[in-house]
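S.K.: Submitted below is the structure of interest, expressed as structure tokens.
The values are calculated or read from the model by the stated rules, or taken from the named source; none is laboratory data. This one's a predicted model, so the numbers in the text were calculated from it and none came from an experiment. Every residue, glycine among them, receives a Cβ derived from its backbone with ideal geometry; neighbour counts consider all protein chains shown.
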Amino acid sequence: MRISIHFREPNHMTSTTLDQKDISDASADALIMVDGVPLKQKLAETTKKQRSRALLLTVPLVLFLVISFVIPIGQMLFRSVHNPAGSNVLPNFAIAIQDWDGKGYPSEAMFELFVKDMQNARKKREIGKTVGNLATRMNYTIPGTRSLFTSTSRKLSKVTEGPYKEALFKIDKKWENKVIWRNLKRVSRDYTIAFYLAALDHKFDDDGDIIAADKLYQIYVSNFFKTLKLSAIITFLCLLIAFPVSYLLSILPLRTSNLLMILVLLPFWTSLLVRTTAWIAILQTQGILNNILVSIGLVSDDGRIQMIYNQTGTIIAMVHILLPFMILPLFSVMKTIPPSYMRAARSMGATPFTAYRRVYFPLTLPGIAAGTLLVFILAIGYYITPALVGGEDGLLISNLIAYHIKSSLNWSLGAALGTILLVTVLVLYWVYNKLVGIDKLSFG
Amino acid sequence: MNLKKHHIAFIIACALVLLITGRISVLIGFFALFGTPLFFMKELPPFASTLDRIWQYTFLTICTFIFVFLITPILIIIPLSFNVEPYFTFTEGMMSFDPAAYSLRWYQDIFHNGMTNPDAEGSAWYSDMWNNAQWVRAMRNSFFIAFFATILATSLGTLAALGLSRPEMPYRGLITGLLISPMIVPLVITATGMFFFYSDIGLAKTFPGVILAHTTLGIPFVIITVTATLSGFDQSLIRASQGMGANGWTTFRKVIMPLILPGMISGALFAFITSMDEVVAVIFLADVDQRTIPRQMFSGIREQISPTILAVATILVAISIVLLSVLEILRRRSERMRGLAPS
């Protein structure tokens, strides 16, 4: 847009160059555009228009991401606290039972509602609202109660009149156990933190207090720590390996370094599965590395080393896969450090080591921060490589989440584990943004 | 003179290795590993001490080992894919370069696996291969999904990047953070969320569902590459163009577009390769009908590991080499256009 400025009192201005001071001054009121609007107002309007125009360009993509990415993840977060099984299957009973104080048995009216709701659920067989759904949900709370619900549901069809309490007790003696009713009351609530407790190796006891889970089921917290530990090891190894290479690339003449850069970028561009397959071929017991070690006599033929399908395999393969994410940011920072700084330090009497420690290393810190955080963030949520080469003990938290979503179908627990992982990653992402800035990300 | 001394020492070392092991292949390996650093060694100033020289050689040797670590896994699968035996390792015959130990049977298997009648002739064979061969089907799916995901991600991403790189863009940090986040959020979480949501709206187990997922995952790469190109973009060119009477569309077509095209293409290539390589979302969202190459490889590695996977992997390596070359050419072109050509 073209702005033409018309001065009411041209005598006051000797030049057409305006600085900010002139505009913000009281004399700025004197500046009126050809259409009679003061310049200040016109400028504000134009700026606003430009801002909304820039914003408008991003709107399609933001909308797209909200629908395809933000809402799905939000829905998953919701699933981790949402507990619909009770109120879906037994709608009337779920409301009534909340009035029970947990002492003695629920009232006969509540028993009646329970029986009626169970019969209804069996009759309607709506997806997600069957007795089976409730049975599965109760089974998470009290293992072994699944069959109690399903068999009772079959037998209840004969029960047409009260007393319902006695009828239930006749069908199965287990209903006399008050623990079941207390847990049923909790399961009937719409929202619960039970899945977060499970994800943190805790549970509700029969009185509704929070206690540690049985030793046998305490697997999640230790797995979180294992994931953090392995990610830290992988990140450290990446840094150790990437540092000399990035330094070499940064001091070589551009043509040579471009050539060597291909050796870094080719793995980066090669399919993840290709690289994982290659590591299986190299590291397995009958693989290339073991064959070489046997042929030069370092290990005996029956003493072949198990290097894959365990943590070692996961670490080696993941270091290789994530290495470019460390080399690229380190390289781009090191390239900007003038070599004359080191020479200056040396000329002032610093030993090579001192010059490196006091001058060069501090200047590489932004690159180290960028690379370390990026690799750590990516490592902590890795799924494919551990699933293929991790064996039993190389599995990370992502694999447990996938197991609950795909195999055990305890979606709420999977969602709770996922939420904890997501929060961890987002915190790291926020730190990354503060320290490095996401707009500094680049590839080659 | 000093370099000559190095060479003499190196030749002596090689002779020793040959004497001890008596194997040419070991010598070649030794020569490649410890000789490469000599190639990159710089002429040190005369006052450099022996310690400096040793340090430089050690440093370069370490770097050589790291480069070997980086590139070996990718190169090693190429010869392995020509193995005549169904093993994932080099056989005796392959080591002694016996032609009988090499074959193309695993490449043939790419086409034959899943065909109803691999011995048919002519057009019957082709239609059978095109419709029934598992790997061919996976490749068709992969390219189909990647093509549409790339187009969507590139067009939406470029538009947003244009907005983000304007100086007057409000909430820049927040929006950039949102647009980059699909790259940061663990894939399992993204895939899980999409699995639930897309199941509810009937997109799970369909091509559009997988395409949407891959578009989402490719967007950060487009944003990053295009904004990087635009960061060196001289905004006054837009005003100059407008000053000479061009309207918005003409300015975009004649001024902005040619300058950001290399960035757009490399962003598109990134989105393409991301989609071609993506497997987690496919595992969660796709049915047998939408199986892609990585999905097929994933189950191949888990269930029945056969060198056909290596043959497919070799083809994928070839594809990535082609894409990387295109990218490198584009980068050079872009540098030339912006006057940053290598000296």
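S.K.: Between A:VAL89, A:VAL115, A:VAL81, A:VAL131, which is more than 14 Å from every other protein chain (Cβ to nearest Cβ) and under 30 Å from B:LEU212 (Cα atoms)?
M.R.: A:VAL81
S.K.: Where in region A:23-96 are there helices (runs of 4 or more DSSP H), lying fully within it, with 2 or more residues that are at pLDDT below 90 and under 26 Å from B:GLY163 (Cα atoms)?
M.R.: Counting at least 2 such residues, we get A:39-65.
S.K.: From the list B:ILE78, B:ILE74, which one is buried (at least 18 other Cβ atoms within 10 Å of the Cβ) and either more than 23 Å from B:SER320 (Cβ to Cβ) or in contact with a helix residue (DSSP H, G or I) (Cβ under 8 Å, 6 or more places away or on another chain) (or both)?
M.R.: Exactly one residue qualifies, and that residue is B:ILE74.
S.K.: Tell me which residues, restricted to region A:227-257, are more than 7 Å from every other protein chain (Cβ to nearest Cβ), over 15 Å from A:LEU330 (Cα atoms), part of a helix (DSSP H, G or I) and not hydrophobic (A, V, I, L, M, F, W, C).
M.R.: Once the filter is applied, which keeps residues that are more than 7 Å from every other protein chain (Cβ to nearest Cβ), over 15 Å from A:LEU330 (Cα atoms), part of a helix (DSSP H, G or I) and not hydrophobic (A, V, I, L, M, F, W, C), region A:227-257 yields A:THR227, A:LYS229, A:SER231, A:THR256.
S.K.: Can you tell which of A:LEU378, A:LEU323, A:LEU365, A:LEU330 is closer than 26 Å to A:VAL264 by Cα, assigned by TED's automatic domain parsing to the domain that holds A:SER246 and without any contact (Cβ under 8 Å) to a residue 12 or more places away in the chain?
M.R.: Sole residue among the options that is closer than 26 Å to A:VAL264 by Cα, assigned by TED's automatic domain parsing to the domain that holds A:SER246 and without any contact (Cβ under 8 Å) to a residue 12 or more places away in the chain: A:LEU365.
S.K.: Taking the stated definitions as given, is B:ILE12 touching a residue at least 60 places away in the same chain (Cβ under 8 Å) and either under 26 Å from A:ALA278 (Cα atoms) or assigned to a helix (DSSP H, G or I) (or both)?
M.R.: No: the conditions fail for B:ILE12.
Yes/no per residue for (1) modelled with pLDDT under 85; (2) over 30 Å from the mean Cα position of the chain (by Cα); (3) closer than 23 Å to A:ASN92 by Cβ:
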residue	(1), (2), (3)
A:GLU126	yes, yes, yes
A:THR141	yes, no, yes
A:LYS158	yes, yes, yes
A:LYS174	yes, yes, yes
A:ALA199	no, no, no
A:PHE204	yes, no, no
A:LYS215	yes, no, no
A:PHE225	no, no, no
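S.K.: Please determine whether any residue of region B:136-152 is among the small types (Gly, Ala, Ser), more than 9 Å from chain A (Cβ to nearest Cβ) and not in a helix (DSSP H, G or I).
M.R.: Scanning region B:136-152, I find no residue that is among the small types (Gly, Ala, Ser), more than 9 Å from chain A (Cβ to nearest Cβ) and not in a helix (DSSP H, G or I), so the answer is no.
S.K.: I'd like to verify a number: residues in region B:166-199 that are farther than 18 Å from A:LEU422 by Cα, within 7 Å of another protein chain (Cβ to nearest Cβ) and outside any helix (DSSP H, G or I), how many?
M.R.: Residues in region B:166-199 being farther than 18 Å from A:LEU422 by Cα, within 7 Å of another protein chain (Cβ to nearest Cβ) and outside any helix (DSSP H, G or I): 4 in total.
S.K.: Now for a separate question. Residues that are over 29 Å from B:LEU203 (Cα atoms) and either among the acidic types (Asp, Glu) or at the interface with chain A (Cβ under 8 Å from one of its Cβ atoms) (or both), at least 2 per element: which helices (runs of 4 or more DSSP H) completely within region B:217-320 meet that?
M.R.: Result: B:236-243.
S.K.: Between A:LEU273, A:LEU260, A:LEU265, which is over 30 Å from B:THR308 (Cα atoms), at the interface with chain B (Cβ under 9 Å from one of its Cβ atoms) and either part of a helix (DSSP H, G or I) or out of contact with any Gly (no Cβ under 7 Å at 6 or more places or on another chain) (or both)?
M.R.: Of A:LEU273, A:LEU260, A:LEU265, the one residue that is over 30 Å from B:THR308 (Cα atoms), at the interface with chain B (Cβ under 9 Å from one of its Cβ atoms) and either part of a helix (DSSP H, G or I) or out of contact with any Gly (no Cβ under 7 Å at 6 or more places or on another chain) (or both) is A:LEU260.
Matching residues to (1) exposed (fewer than 11 other Cβ atoms within 10 Å of the Cβ); (2) in contact (Cβ under 8 Å) with a residue 12 or more places away in the chain; (3) outside the structural domain of B:VAL26 (by TED's automatic domain parsing):
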position	(1), (2), (3)
B:GLY93	no, no, yes
B:ALA101	no, yes, yes
B:HIS112	no, yes, yes
B:GLU121	yes, no, yes
